[in-house]
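Following: one structure in structure tokens, then a few remarks.
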Amino acid sequence: MSENDPHTLEFDFCRDALLRYLRVKWYLSWVCGLAVMGMMIGLGTVSSRIEAGDFKSFQEACLGLATGVVQGLAGSFFLSTALYSLFSHWLAARTAEGLRVVVEGPFFRIIQKGRFRMDRKLHFRSIIDYTTIEGPLMRRFGVMALHMTTTGGGNQPGLQVVGIRDCPVVRDKLAEIDAIRENG
């Protein structure tokens, strides 16, 4: 480590943008996950009527199927809104508030407080590369993710931290610290 290289360095987060991003992402996860189930239930209720011969024409059967799908989607929408409100809304706030990324000597430490607490400490020599990611939903809320590929990751393709302020600058700073450590 050189004199310019800090021994302990903590990076800042865009907590408000991260909170909005997590809430929308998790809400969409609930809605999309339950929409498929709702459509299947809606189709199932109408298919029994089709087998019984309740419909007089093909158009009436198609309209019945469409009505069943719409009713299933509406039911899944209300159920997903209720489940999101019960479980994910407050969890997004705790997750966004409790996330920290710290460089401690030769280690890169990620601390996440929330329902599931995580305190992960990676040695810099186990990190292969640093990548910034900005998907469409992230771009909408003005956040980026720092993705790190690690050696011996097992079944995990990498580690990702969403919401770091000035993510490309942080990526370059981490790569610089890593290069300084590798070169002595």
Candidates Ser88, Ser80 - the one that is surrounded by 14 or more Cβ atoms within 10 Å (Cβ to Cβ), in contact (Cβ under 8 Å) with a residue 60 or more places away in the chain, in the same structural domain as Thr45 (by TED's automatic domain parsing) and closer than 30 Å to Met40 by Cα:
Ser88
Taking region 41-60 and keeping residues surrounded by 13 or more Cβ atoms within 10 Å (Cβ to Cβ) and aliphatic (A, V, I, L, M) leaves Ile41, Leu43, Val46, Ile50
Identify, from the list Ala145, Ala175, the residue that is of a type in the set (A, V, I, L, M) and in contact (Cβ under 8 Å) with a residue 24 or more places away in the chain.
Ala175
Residues (of a type in the set (A, V, I, L, M, F, W, C) and closer than 18 Å to Val102 by Cα) located in region 129-164:
Met144, Ala145, Leu146, Met148, Leu159, Val161, Val162, Ile164
For region 94-102, state whether one or more residues are over 16 Å from Arg23 (Cα atoms), among the charged types (D, E, K, R) and in contact with a helix residue (DSSP H, G or I) (Cβ under 9 Å, 6 or more places away or on another chain).
no
All but one of (1) surrounded by 15 or more Cβ atoms within 10 Å (Cβ to Cβ); (2) free of Cβ contacts under 8 Å to residues at least 60 places away in the same chain hold for Phe108; which doesn't?
(2)
Checking the condition under 30 Å from Met40 (Cβ atoms), outside the structural domain of Ile41 (by TED's automatic domain parsing) and not β-branched (Val, Ile, Thr), which residue from Gly152, Gly114, Gly135 passes?
Gly135
Scan region 128-159 for residues that are modelled with pLDDT under 90, in a strand (DSSP E or B) and touching a His at 6+ places or on another chain (Cβ under 9 Å) and jot them down.
Asp129, Leu159
Write out, first by first residue and then by second, each pair whose Cβ atoms fall under 6 Å of each other, whose residues are 6+ apart or on separate chains, and whose first residue, in region 14-30, is buried (at least 17 other Cβ atoms within 10 Å of the Cβ) and among the basic types (Lys, Arg) while the second is part of a helix (DSSP H, G or I) and at pLDDT below 95.
Arg23/Ala92
Sort through Gly114, Gly135 and tell me the only one that's out of contact with any Cys (no Cβ under 6 Å at 6 or more places or on another chain) and surrounded by 15 or more Cβ atoms within 10 Å (Cβ to Cβ).
Gly114
From the list Arg100, Arg120, which one is closer than 23 Å to Arg181 by Cα, surrounded by 13 or more Cβ atoms within 10 Å (Cβ to Cβ) and touching a residue at least 24 places away in the same chain (Cβ under 8 Å)?
Arg100
Name, by its number, the condition in (1) part of a strand (DSSP E or B); (2) modelled with pLDDT of 90 or more that does not hold for Val170.
(1)
Count of region 103-127 residues which are within 21 Å of Asp16 (Cβ to Cβ) and either among the β-branched types (Val, Ile, Thr) or not in a strand (DSSP E or B) (or both):
5
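The values are calculated or read from the model by the stated rules, or taken from the named source; none is laboratory data. Keep in mind it's a predicted model, so treat the numbers as computed, not measured. Note: ideal-geometry Cβ built from the backbone for every residue, glycine included; neighbour counts use all protein chains shown.
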